[in-house]
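Take a look at the structure below.
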Amino acid sequence: MSAPRQSGDWLTRPPGTASHAVNWVRIAAYAGIALLGVVVGVAGSLVQGGWFPGGLLLALLGSAGLFYGAARATGAQLGAWSAAAGWLVAIVVLSLGRPEGDGTFSAGMGPLVFMLGGMLVAVICATLARVTQPDGGADRLDR
């Protein structure tokens, strides 16, 4: 007899137990989260320089909300890591600049705090994303 299915368990089920179609749904969900990370990274890059210092705080709070929300929505640390990967790709591409010398990030402490602070928040959210057991208890599943 199998246990009743929990809502959202299709994102966190081990790969061998899920059907082929559900694996594609999980992959699409993580890809969507990474794409959302790109959007938040671009928006944060523009806001942090435009309204300093309030924009910097807003950009870091938006990034933290994305990372923590992705971890909670998927029930796994991979949710936060996929959001952080998309965010990091966006800010690295925007920090490269163009051959003409134009760049999204200005010189100064604000962009550095945004980049390093965002990475720190991503690591914190990914490592603290521990979800409770299906029955709500804190015990291990095999007990």
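Rule-based calculations on the coordinates, nothing more; no lab input. As the structure is a prediction and not an experimental result, all values here were calculated from the model. Counting neighbours? That spans all protein chains shown, and the Cβs are built from the backbone with ideal geometry, glycine included.
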Output the peptides 109-115, 67-73, 77-83 sorted from most to least packed, where packing is the average of other Cβ atoms within 10 Å over each peptide's residues. 77-83, 67-73, 109-115
Gain in span if fully extended, VAL92 to VAL39, counting 0.36 nm per residue against the direct Cα distance: 17.8 nm
